[in-house]
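A quick write-up on the structure given underneath.
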Amino acid sequence: MTTHHRPIPPRLRQQLCSLSASGGSSLCAEARQACFDGEQIFLHSPQAVSDRKKLMNALKGVDLFDIKKPLHSEIHNIVQVAAPDAMFTHVPLAVNAHTALRDAHRRNPNASTFNLSASRFAARRVQPAAPRAFDNTSRALAFITTWSNAWQETFHRAVPRVFEEFCAADDRGIVVIPAAWGSTSTTPEVATSASASTWLAPFSQAPVWPMSLMPSPESEQQQLFGNKPCSRECFRAYLLKSEAYFAKRPPMCFEQLRLCSFQLTPRRARPWSAMQTLAAYYAGIPRTRTYVPHMSAHDGTLRVVFILRATRRKLANVEQLVDACSQWQPQALPELRTHCSALSFSTGLKAAAPVLRRVDVLIGMHGGDLVNGLLQHAGASVLEILPVHRAGCPCDTFRKVFASERGKIFHYTAASRNVSFVRGRDRGMNSDIELPPSVMTAALKRIVEVRGERSQYVYRQFAF
């Protein structure tokens, strides 16, 4: 991970934070004189005991795994009153607390209370020495969200709330420190910090270093979550990777700490404004008029992009759709040209930001890629194709997200229960779909009629 970092200047922050009305608040607590070491927060102030109670109360019921199994505060020991050079035992944040409890009980079934040393998932560390000074140039913002594999859920729970903290900060700003941040990289020693930096660096005054290392590859992740067996060798391998990660992370001690629970998707949020901040950070802030609801068809061109997915849940006939889109001509606007193409987001957010700024319509299957629709200008549209079999599908996720910041991105869906449109062996949630071009053109016709005007927009689902 590169150490180069350029914070957003206060004047630009004010402009970005004023794109729409303020979003909702979060459950947070504050403390003084806090240091981050390993996966723990150590409190050094004279009121450390009372501060710890406040912080842990803010985290009450927090679930790191998105499967309703809450963080066990005495096992993970995420917040501790400092006792430099003392040994302490804990279970890493990447290990499901219930898995550790079950493991300990199996080894010592007669124990009336949890015996941490009886679990193979126990780790021992020495508390760091007290720092000579605490950074007072910015405030630490630490937060816990879930370890969910559903990227859109992690994004929706964390990024808009970090954006609100970023907007509420004074000119000293905040240093963002997530407890955990997922990544699909195959190089876990750098993947956690690199992925977190991409999504959170624009809001932070310093490089972003999560408190814990996300297990990678996914097989290791599933073992530590308790979905599959994890031997002592499996756990030790993860500890070695974690120690290598901690060794690269710089010392972090702050005079002021704010610790938040970002457990659930907020009812009031500004995901579009948050993503516009990311776009401004990576691609530069565009002219003011880009933030006014409109279509870029002011130059006579409607720009449409189809999402290319590499693995599961793909649009099976992308080439056919691009061709049909390119030939489509709305009767109401015979002078309007359409520019249609397909785009993969595998190259990441930084590459997508400057491209999507000029896109009027984004079309793709239900999934995390649709988060990129929030990079579009205000008044742009997203057409989400839903799986044919929707059992277990959080199919309202994006409808709620795009609706949470009214008048910015106009969201439509296309859905069918007809299996004749399914391609490939998978007949469930992850099935590939062939979208009839007639459905696409019906959606485009409606989008052109709305023409990016909030007063004209009404959510609509196109059946096929």
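Throughout, read-outs are computed from the coordinates displayed, never taken from laboratory work. As the structure is a computational prediction, the values presented were derived from the model and not from experiment. Here the Cβ is made from the backbone with ideal geometry for all residues, glycine too, and neighbour counts use every protein chain on show.
Given the peptides 345-353, 437-445, arrange them by the average over their residues of other C-beta atoms within 10 Å, most packed first. Could you put the intermediate results ahead of the total?
Working: 345-353: 16.0, 437-445: 18.4.
Ranked from most to least packed, the peptides come out as 437-445, 345-353.
What are the ³J(HN,Hα) values, in whole Hz, obtained from phi via the Karplus relation 6.51 cos²θ - 1.76 cosθ + 1.60 with θ = phi - 60°, for each residue of region 426-435 in sequence order, with x given for Gly and Pro?
5, 10, x, 4, 9, 5, 7, 10, 9, 8
Kindly work out what percent of the DSSP beta bridges joining two residues of the chain are antiparallel, to the nearest 5.
Around 35 percent of the beta bridges assigned by DSSP in the chain are antiparallel ones.
Cα axis of helix 437-450 to longest principal axis of the chain: angle in degrees, 0 to 90, nearest 10?
It works out to around 90 degrees.
In units of 2.2 N^0.38 Å, what is the alpha-carbon radius of gyration of region 1-160? Walk me through the intermediate numbers first.
Numbers: Rg = 18.6 Å, N = 160, 2.2 N^0.38 = 15.1 Å.
So region 1-160 has a normalised radius of gyration of 1.23.
In region 333-444, what % of DSSP beta bridges are antiparallel (nearest 5)?
15
Which entries of Lys350/Lys408; Lys408/Lys445; Lys241/Lys314; Lys60/Lys248 show an alpha-carbon separation above 24 angstrom in the structure shown?
Details: Lys350/Lys408 21 Å; Lys408/Lys445 19 Å; Lys241/Lys314 34 Å; Lys60/Lys248 31 Å.
As for pairs spanning more than 24 Å Cα to Cα, those are Lys241/Lys314; Lys60/Lys248.
Counting other C-beta atoms within 10 Å, which of Asp135, Asp170 has the fewest, and how do the rest follow?
Details: Asp135 18, Asp170 9.
Going from least to most buried by this count: Asp170, Asp135.
Normalised by the residues of the chain, what does the relative contact order come to in percent, with Cα pairs under 8 Å and at least six apart?
Contact order relative to length: 15 percent.
Please express the Cα-Cα pair-distance distribution P(r) of region 10-261 as a list of whole percents, one per 5 Å bin, running from 0 to the bin with the greatest distance.
1, 6, 13, 18, 20, 17, 12, 7, 3, 1, 0, 0, 0
Mind checking which of Asn115, Pro215, Val176 is farthest towards the positive end of the chain's charge dipole, using Cβ charges of +1 (Lys, Arg) and -1 (Asp, Glu) about the Cα centre?
So the residue we want is Asn115.
When the helices in the chain are scored as -39500 (n - 2.57) per DSSP H run of 4 or longer and the sum is shared across all residues, what 222 nm value do you end up with, to the nearest 500 deg cm²/dmol? Don't jump to the answer; show the numbers that get you there.
Numbers: 13 runs with 142 residues, N = 464.
When only DSSP H runs of four or more count, the value is -9000 deg cm²/dmol.
Could you tell me what fraction of 2.2 N^0.38 Å the Cα radius of gyration of region 393-448 comes to, as a two-decimal ratio?
Against the compact-globule rule of thumb, the ratio is 1.35.
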